[in-house]
Amino acid sequence: MKKLIIISLTALLAACSTTGNIDLSNRNSYGLKCSANANSAPNWEGCMASAQQLCSPQQVANVQQLSPTGSGSPDDAYFMTFSCQ
């Protein structure tokens, strides 16, 4: 399950790389979708808990909370990027 999440996030981040906000050159950088869509409220606490599980035993660092882009895409939502250190 963890591999599936990482693969999905990698694909999503690759699709978002054109925005210039996400550094895909850092293999220690991750992202999580924190809302169901652009119109629903983000669950930042849930995303942080998932990030901590993903990074364990390392610590979550460089957290950025990103708002929806307003593209109208079904995948447009609130995201959180972070790294593990």
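The values are calculated or read from the model by the stated rules, or taken from the named source; none is laboratory data. Fair warning: this is a prediction, and the values are worked out from it, not measured in the lab. FYI the Cβ positions are ideal-geometry reconstructions off the backbone, even for glycines, and counts take in every protein chain you see. These accessible areas exclude ligands, DNA and RNA; they are computed on the full protein's heavy atoms, side chains included. Shrake-Rupley method; radii C 1.70, N 1.55, O 1.52, S 1.80 Å.
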Looking only at segment 13-49, which residues are at negative phi and either modelled with pLDDT under 55 or aromatic (Phe, Trp, Tyr) (or both)? Leu13, Ala14, Ala15, Cys16, Ser17, Thr18, Thr19, Asn21, Ile22, Asp23, Tyr30, Trp44
If you check Ile6 against the conditions, is it modelled with pLDDT under 85 and loosely packed, with under 14 Cβ neighbours inside 10 Å? yes
Pairs, first over 16 Å from Met48 (Cα atoms) in segment 61-85, second in a loop (DSSP other than H, G, I, E, B) and open to solvent by 70 Å² or more (accessible area, probe 1.4 Å), C-beta under 6 Å, six or more apart: Asp76/Thr69
Give segment 50-63 a look and list any residue that's farther than 8 Å from Phe82 by Cα and surrounded by 13 or more Cβ atoms within 10 Å (Cβ to Cβ), or say none. Ser50, Gln52, Leu54, Cys55
So in segment 64-85, with the set limited to residues that are closer than 18 Å to Glu45 by Cα and in a loop (DSSP other than H, G, I, E, B), which one is least open to solvent (accessible area, probe 1.4 Å)? Ala77
